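Presented below is the structure to which this report refers.
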Amino acid sequence: MKTKFALTILISLLGAFIFPFPARADGIIIPNPPVCDPWPCPPEVIPITQLVIKFHHVDVTIQDQIATTHVDQVFYNPNSWEVEGTYIFPIPPEAVVTNFTLWIDGQPVQGRVLDAEEARTTYEEIVRQMRDPALLEYVGRGAVQASIYPIPPNGERRIEIEYAQTLTAENGLVRYVYPLNTEKFSAWPLDSVRIRVEVNEGVPIRAVYSPSHPVAVNRDSENHVTIGYEEDNVLPDTDFALYYSLGESQAFHLLTYRDPGDQTDPDGFFVLLLAPRPDTEERIIPKDVILVLDSSGSMDGEKFFQAQEALRYILLHLNPEDRFNVIAFSTGLYTYASRLRTTADVQEALAWVDSLSAMGSTDINRALLEAAAMADRERPTYLIFLTDGLPTEGVTDSQQILNNLESAAPSNLRLFAFGVGYDVDTFLLDSLAQGHHGTSTYVLPGENLDETLSAFYAKISTPVLTDLTLDFGNVVVYDVFPAPLPDLFAGSQIVVVGRYRQGGETDVTLGGIVNGVKQNFRYPNQTFVLDNRSTTGPHALFPRLWATRKIGYLLSEIRLNGPDQETIDQIVRLSIRYGVVTPYTSYLVTEPMPLGSTTQEHIIENVFEEMLALPTALAYGQEAVEKAIGQGAMAEAEAPLPSAQEVDGVVVADVVRNVGARTFVYYDGVWMDTTFDPESMDTVKVAFLSDDYFALLDARPELAAAFALGGRVIAMSDGIAYEVVPSDVDADPIEIPEIEDSSDGPSTGKDVSQQEEGGDNFACLPNLLSVTLLPVVLLLWRSRS
C-alpha cells in the first residue's frame, strides 16, 4: 500500500500541475416503462439517466433591476424507444416571477405552478417510489410542470423558457442567481453551455463579480455592462451567481459566510469587493512607467515585433501627467533617455522603439538596477519587465539578482513581469513580482504577446488609490488574500478573501495614498455573520474560493522556497476539507480512503518524505512554466477553479463531490463528509427513507443536498454525524432537532396557459411567487395509466 501510495504521489509531483476536479451535482430522470406500442419495449430495468441535454444557452437582460431570463435547451433521446413525460423544474423560494413562458418546438404549452407544499409532496413521493434521493435538494421549493411531446428514438426536443423577476439591492449590491447544475439531467456532457448577461442601470455600475464561474466582463459604459460565461463538453456542477453594485460612491461590499455544521472549524469566511467611484478619472494619480524590454537574440522574429507593438500601445495610452522611460537590454544596455520623460516626448520614443533590434545575450540584473535608479519615490512607479530567457550576462544567479533589486528599489515601485515562452526563470520572475507588489504573467508559444501586454496595461493605466490597507476594527481576520493588497485602478476591482473569528458588527477602514497624501475611508456597521443555516447557495462557495487561493499561495511558497512539513500539512488538510485536488492529494481520486486524523498525518509524512527525496525542480522549461501558471491562477482565483473530468483515468465525480461548502469522498459504498473523523466520532444512524429520515430533513433542510448524494451518506450538522443506512438495517429512533422557521412567504398554484389568439405570445404569471430559475430539469415518464 505504502509503495503504491508513494508512487502515486511521485507521479503526481512529476506531472507538476494542479488537478482540479468536478464535484458533480446529482439529479435524476425518473423512468417508468412506456406503453409498448409499437415494439420493442425498453428493457425491463431502465437506466436512470435516459436523456441528454445537448446544449444550454441562457440570455439575461437586466434593466433597472428587472431581470428577463431566456433559456434555450435541446433534449436528445439516445434510446431505441420513444420518451414521453413531464417537464419539471424547481423554483427557488426567494425569487418572484412576473412573467413565464414555456415553448416546446415553437408551440406554447400549458403549465401548472406547484406551491412549495405540493412540490414537496411530489418530490418525496418520487423519492420513496424510486428509492433514489436525488430530488431531496429541491425540497422546500415550489415547481412548475408541463407535459412534453413524445421524443422519438434519436430525436430531439427544443425547449425555450422565458421569465422575468425583480432583483433587490441590499446596501447597493444586486444579486442574480441562475441554477446551472444540470448534470443530473443529462446522460452525457453538454456540447455547449453559455450564459450572457446584459446589465443596464440608471446609475453607475461599480463592482461586477461572479463567485461561481470565471466570467468575461465588458464595460460598455458607466451604466452598461455585459458579462459572459461559456464552456464546451462540460457537465455543469454549480449554480451561476452574479453580483453587481450600484451608486455614485466607491464600492465597498462585504459578503460573509459561516458553515453552521462545522464544529471542528467554526470560523467564518468573507469576500470583500472594492471598486473605485465613478468620478475617479477626474482625479487621476500621475504615475511613472518604466518599460524594460529583453532585446537579446532569442527574442528575434515575431515575438520581438509583438513586443514593440505592445510598447507602442502603452506609450500611446499614457495619461497626460504620466512620465516614462524605455530600457532595452541584451549584452549591453540601451536606454531611451537618461531620466524619466513626459508625454510630450512620446512620438520621439516611438521612433526609438521602432529602431530597436534583437541580438546578443541577456543581462537582467543590470537592466533592473538601471530601472530602479530612475524611480521617483514620490510617485507611483510601475516597472513592466519583459523577457524570454534566462540571465546569461553579468550577474546570472537568480537569488543575487533578487537581493540586488531589493536593496535598490524604493517601496513605491511595482514590478510586473512577463515571461515569453518556456525558457524563462519562473523562480526569478515570480519572486520579482511577489517582492514588489506586482504580478507575473506567462505568454506561451502561439499566444499573442502584444494582446496580452496591451490588455494588462489597460487595466493598470489609471491608479486611483495606492498602498492599500484594511482595518477591520474589533473583528479578528486572518489569512487574507491577496497579500499585500494591490493598487486600485479606475475601471477595475479588487476581490479580497479571508477568514474571521467571532463575527458581529464592526467599522472597517480602507486606507490608501492619493497623490502622496494618506487618506482613510470609513465604512461603519459592517456585519460578519455569526451563523448561516443554509450550507448551499452562492455564499457557500466562499470557503472553497478561500481554500483555492490559500493552496495556490502555499504551493508557490514550496516552489520558490522549498518544502517544509508545516506547509505540506496545511495543503493536505485544506485539500481534504475543501476538495481542492493538488499534486499531493490526487490520491483522493486514485486511492480513496477513510480520512481520519491518523490517516491525514500518515499522508503528510509520506508526502514530505517524497518531497525531500526528489531532486530540485528546474525553474525553467515547459513543466516549470505550467506549474507557475497553474499555481498563479489558484492564488489569484475569483471563483473556484473549473473542474476536470478525470484524474489518472478515474472519473473524479464518482469519488469526490462538493455540496455547498462541504466535500464528500466515496469510500466503501458511503459518501463521507470530510469533516467527519471516523477514528474519533460516532454516528447517529438514520434508516434510508424512514419517517425519521424525512423528519430530520424537515428540521435540518441543509442536510437535503448531502442526503441527495445517495442511499449511504455520512453528513455533519451542528456537530452531529448523521449516517444514512439501508432501510433493512436496524436503527433506533433518533432525536429530531427542533424545526427552525424558514418560511419564505406564500406561494400560488395557478395554471399557466397560452393567452387568447391575437394576444401576447407569452403566458403570464403576474403574481407567481418563487423562482429565478430553471436549468434544473426533470423528465418524469408518463405512467401506463
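The values are calculated or read from the model by the stated rules, or taken from the named source; none is laboratory data. Here the structure is a predicted model, which is why all the values come from computation and not from measurement. Note: ideal-geometry Cβ built from the backbone for every residue, glycine included; neighbour counts use all protein chains shown. Note: areas computed on protein heavy atoms with side chains; ligands, DNA, RNA excluded. Shrake-Rupley method; radii C 1.70, N 1.55, O 1.52, S 1.80 Å.
On the given criteria, is E601 of a type in the set (D, E, K, R), at pLDDT 90 or above and surrounded by fewer than 23 Cβ atoms within 10 Å (Cβ to Cβ)?
no
Tell me, please, whether a residue that is part of a strand (DSSP E or B) and open to solvent by less than 20 Å² (accessible area, probe 1.4 Å) can be found in region 688-707.
No, that holds for no residue.
Out of the residues in region 541-566 that are small (G, A, S) and touching an Asp or Glu at 6+ places or on another chain (Cβ under 8 Å), which is surrounded by the fewest Cβ atoms within 10 Å (Cβ to Cβ)?
Top of the filtered list is S556.
How many residues are farther than 21 Å from A619 by Cβ and open to solvent by 10 Å² or more (accessible area, probe 1.4 Å) when one looks only at region 370-413?
Final tally of qualifying residues: 14.
Could you tell me whether region 69-86 includes any residue that is in a strand (DSSP E or B), surrounded by 22 or more Cβ atoms within 10 Å (Cβ to Cβ) and modelled with pLDDT under 75?
yes
Any residue in region 654-662 that is over 16 Å from A705 (Cβ atoms), out of contact with any Ser or Thr (no Cβ under 7 Å at 6 or more places or on another chain) and not in a strand (DSSP E or B)?
Yes: one or more hits.
Report yes if some residue within region 520-538 is closer than 24 Å to A372 by Cα, open to solvent by 40 Å² or more (accessible area, probe 1.4 Å) and either of a type in the set (D, E, K, R) or not in a strand (DSSP E or B) (or both); otherwise report no.
Checked region 520-538: no residue is closer than 24 Å to A372 by Cα, open to solvent by 40 Å² or more (accessible area, probe 1.4 Å) and either of a type in the set (D, E, K, R) or not in a strand (DSSP E or B) (or both).
Taking the residues in region 615-668 that are modelled with pLDDT under 75 and surrounded by 19 or more Cβ atoms within 10 Å (Cβ to Cβ) as candidates, determine which candidate is nearest to V271 (Cα to Cα).
That would be L641.
For region 238-246, check the following and say yes or no: at least one residue is part of a strand (DSSP E or B), closer than 24 Å to R194 by Cβ and without any contact (Cβ under 8 Å) to a residue 40 or more places away in the chain.
no
Restricting the search to region 495-508, which residues are part of a strand (DSSP E or B) and open to solvent by 40 Å² or more (accessible area, probe 1.4 Å)?
E505, D507
Of the numbered conditions (1) at negative phi; (2) modelled with pLDDT under 95, G491 satisfies every one except a single condition; which is it?
(1)
What are the residues in region 449-458 that are open to solvent by 40 Å² or more (accessible area, probe 1.4 Å) and either of a type in the set (V, I, T) or closer than 17 Å to L413 by Cα (or both), if any?
Answer for region 449-458, where residues must be open to solvent by 40 Å² or more (accessible area, probe 1.4 Å) and either of a type in the set (V, I, T) or closer than 17 Å to L413 by Cα (or both): just T452.
Just checking: which of the strands (runs of 3 or more DSSP E) contained wholly in region 152-225 hold 2 or more residues that are free of Cβ contacts under 8 Å to residues at least 24 places away in the same chain?
Result: 216-221.
Condition first: polar (S, T, N, Q) and free of Cβ contacts under 8 Å to residues at least 60 places away in the same chain. Now tell me which residues in region 293-329 satisfy that.
Correct list: Q308, N325.
Restricting to helices (runs of 4 or more DSSP H) lying wholly in region 277-386: which have 1 or more residues that are among the hydroxyl-bearing types (S, T, Y)?
Per the criteria, 302-316.
Take region 56-67 and flag every residue that is open to solvent by less than 50 Å² (accessible area, probe 1.4 Å) and at negative phi.
If the condition is that a residue be open to solvent by less than 50 Å² (accessible area, probe 1.4 Å) and at negative phi, then H56, H57, V58, V60, I62, A67 are the ones that fit.
Failed condition for D423, given (1) out of contact with any Pro (no Cβ under 8 Å at 6 or more places or on another chain); (2) under 27 Å from A547 (Cα atoms), with all others met?
Tallying (1) out of contact with any Pro (no Cβ under 8 Å at 6 or more places or on another chain); (2) under 27 Å from A547 (Cα atoms), D423 fails exactly one: (2).
Give the number of residues within region 124-151 that are open to solvent by less than 30 Å² (accessible area, probe 1.4 Å) and in a strand (DSSP E or B).
Adding up the residues that qualify gives 5.
Do any residues in region 597-610 that are over 13 Å from E566 (Cα atoms) have Cβ atoms under 6 Å from those of residues that are assigned to a helix (DSSP H, G or I) and open to solvent by 30 Å² or more (accessible area, probe 1.4 Å), where the two are at least six apart or on different chains, and which pairs are they?
Partner pairs satisfying both residue conditions: E610/L10.
Tell me which residues, restricted to region 270-326, are open to solvent by less than 10 Å² (accessible area, probe 1.4 Å), within 30 Å of N171 (Cα to Cα) and hydrophobic (A, V, I, L, M, F, W, C).
Listed by number, the residues that qualify are F270, V271, L272, L273, L274, A275, I285.
Residues that are open to solvent by 50 Å² or more (accessible area, probe 1.4 Å), charged (D, E, K, R) and in contact with a strand residue (DSSP E or B) (Cβ under 7 Å, 6 or more places away or on another chain): does region 257-268 have at least one?
no
Going through G446, G435 one at a time, which residue ends up being free of Cβ contacts under 8 Å to residues at least 40 places away in the same chain, more than 26 Å from the chain's Cα centre (by Cα) and either buried (at least 17 other Cβ atoms within 10 Å of the Cβ) or under 23 Å from D288 (Cα atoms) (or both)?
Being free of Cβ contacts under 8 Å to residues at least 40 places away in the same chain, more than 26 Å from the chain's Cα centre (by Cα) and either buried (at least 17 other Cβ atoms within 10 Å of the Cβ) or under 23 Å from D288 (Cα atoms) (or both) holds for just one of G446, G435, which is G435.
For residues that are out of contact with any Phe, Trp or Tyr (no Cβ under 8 Å at 6 or more places or on another chain), open to solvent by 40 Å² or more (accessible area, probe 1.4 Å) and free of Cβ contacts under 8 Å to residues at least 60 places away in the same chain, tally how many sit in region 669-684.
Adding up the residues that qualify gives 2.
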